[in-house]
Each structure stands twice: as structure tokens, then as C-alpha cells.
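Okay, structure first, notes after.
The values are calculated or read from the model by the stated rules, or taken from the named source; none is laboratory data. As the structure is a computational prediction, the values presented were derived from the model and not from experiment. Please note: Cβ atoms are built from the backbone with ideal geometry, for glycine as well, and neighbour counts cover all protein chains shown.
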Ligand SMILES: Cc1cc2nc3c(=O)[nH]c(=O)nc-3n(C[C@H](O)[C@H](O)[C@H](O)COP(=O)(O)OP(=O)(O)OC[C@H]3O[C@@H](n4cnc5c(N)ncnc54)[C@H](O)[C@@H]3O)c2cc1C
């Protein structure tokens, strides 16, 4: 095994070093790790095969919290009159939720841009 590895390394063409630190996965963990490394002035690369932000931004914490807060508002609007408010519920726009989610995504992209 060790001999095979040595043989493989010997036969490899010379590789030009591009990054000091390479992160696989641009999710919360990968981005935090890349950000920390960049603070030390090293040249950092991130490989991401999906959307920047990973699970949390795209399908986890962020959409969950948006939905949770939306549901909380709906419940409070429903109960307002019990506390003396005269608020009339007119309509609800799902598009606003997409807009809120996209601002989180833009924040991730902006952060990536600022790291480069
Ligand atoms: C519904 C839900 C709600 C959540 N709510 C919360 C919350 O409120 N608070 C909280 O703290 N946590 C929450 N979490 C957990 C949180 O999302 C995860 O802990 C966090 O996303 C983990 O980050 P990560 O970087 O380790 O992985 P991920 O965010 O999953 O990122 C991994 C990234 O690596 C990429 N990748 C994988 N393999 C490769 C490859 N071979 N090459 C290139 N790229 C690759 C993926 O595309 C992905 O973008 C929630 C999770 C879910 C599912």
C-alpha cells in the first residue's frame, strides 16, 4: 500500500499550488471556516456543487424561521380583536416570503464577494 502510494506520487505531474486552504462545501460550516482562515491572510478556495449557504440558508434554518414568524403573525392578527384592536385582515402575499428569503441569499453572496 505504502509502496503504491509512493509510486503514484512519483508519477504525478507537478501541480501548481493555488490555495493555501481549500474548503469543500459552501454551507454554514464551510463558509465560517473559510472566513476564519481568510482572517489570517491565507489564500482560501471554496468548492460548492449546489447553492451557496448550504442547508441552513436554502432549506433549513432560514426558510423555517421565515415560516415560523409568518405563522406567528397570522396567529396574532387573528387574536388582535380579543385585546381590543380593530384590525381587518385583507390578504396575504406569498411573494413577500420569497423576497425575504432572497435577501438572506444575497447576504451570503455579498459576504463571499467581500472575502475575495
Ligand atoms: C429544516 C431544518 C431547520 C434547521 N434549523 C436550524 C436552526 O434553526 N438553527 C441551527 O443552528 N441549525 C438549524 N438547522 C441545521 C443547520 O442547517 C445545519 O446544522 C447546518 O446547515 C450545517 O452546516 P454544514 O456547513 O455542516 O452543512 P450544509 O449547510 O449542509 O452544507 C454542506 C454543503 O456542502 C455541499 N457539498 C456537499 N458535498 C459536496 C461536494 N462533494 N462538493 C462540493 N460541495 C459539496 C452541499 O451542496 C452544501 O451546500 C436546520 C436544519 C434543517 C434541515
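Take residue 62 and tell me if it is modelled with pLDDT under 90, surrounded by 14 or more Cβ atoms within 10 Å (Cβ to Cβ), under 22 Å from residue 28 (Cβ atoms) and in contact with a helix residue (DSSP H, G or I) (Cβ under 6 Å, 6 or more places away or on another chain).
Details: modelled with pLDDT under 90: yes; surrounded by 14 or more Cβ atoms within 10 Å (Cβ to Cβ): yes; under 22 Å from residue 28 (Cβ atoms): yes; in contact with a helix residue (DSSP H, G or I) (Cβ under 6 Å, 6 or more places away or on another chain): yes.
Answer is yes for this residue.
Confirm whether residue 35 is under 24 Å from residue 101 (Cβ atoms), outside the structural domain of residue 111 (by TED's automatic domain parsing) and part of a helix (DSSP H, G or I). Before the answer, list the steps.
Values: under 24 Å from residue 101 (Cβ atoms): yes; outside the structural domain of residue 111 (by TED's automatic domain parsing): yes; part of a helix (DSSP H, G or I): yes.
Against the criterion (under 24 Å from residue 101 (Cβ atoms), outside the structural domain of residue 111 (by TED's automatic domain parsing) and part of a helix (DSSP H, G or I)), residue 35 qualifies.
Determine which member of the set 72, 67 is assigned to a helix (DSSP H, G or I) and within 13 Å of the ligand (Cβ to nearest atom).
67
Which numbered condition in (1) part of a loop (DSSP other than H, G, I, E, B); (2) out of contact with any helix residue (DSSP H, G or I) (no Cβ under 6 Å at 6 or more places or on another chain) is the only one that residue 87 fails?
It is condition (2) that residue 87 fails.
Could you list, in sequence order, all residues of segment 38-64 that are within 11 Å of the ligand (Cβ to nearest atom), under 21 Å from residue 110 (Cβ atoms) and in a helix (DSSP H, G or I)?
54, 55, 56, 57, 58, 61, 62, 63, listed by residue number.
Here are 84, 95: which of them is more than 16 Å from the ligand (Cβ to nearest atom), over 18 Å from residue 111 (Cβ atoms) and at pLDDT 95 or above? I'd like the intermediate steps shown before the answer.
On the way: 95 fails: at pLDDT 95 or above.
Going through 84, 95 in turn, the sole match is 84.
Looking only at segment 16-32, which residues are surrounded by 12 or more Cβ atoms within 10 Å (Cβ to Cβ), within 15 Å of the ligand (Cβ to nearest atom) and outside any loop (DSSP other than H, G, I, E, B)?
If the condition is that a residue be surrounded by 12 or more Cβ atoms within 10 Å (Cβ to Cβ), within 15 Å of the ligand (Cβ to nearest atom) and outside any loop (DSSP other than H, G, I, E, B), then 22, 23, 28, 29, 30, 31 are the ones that fit.
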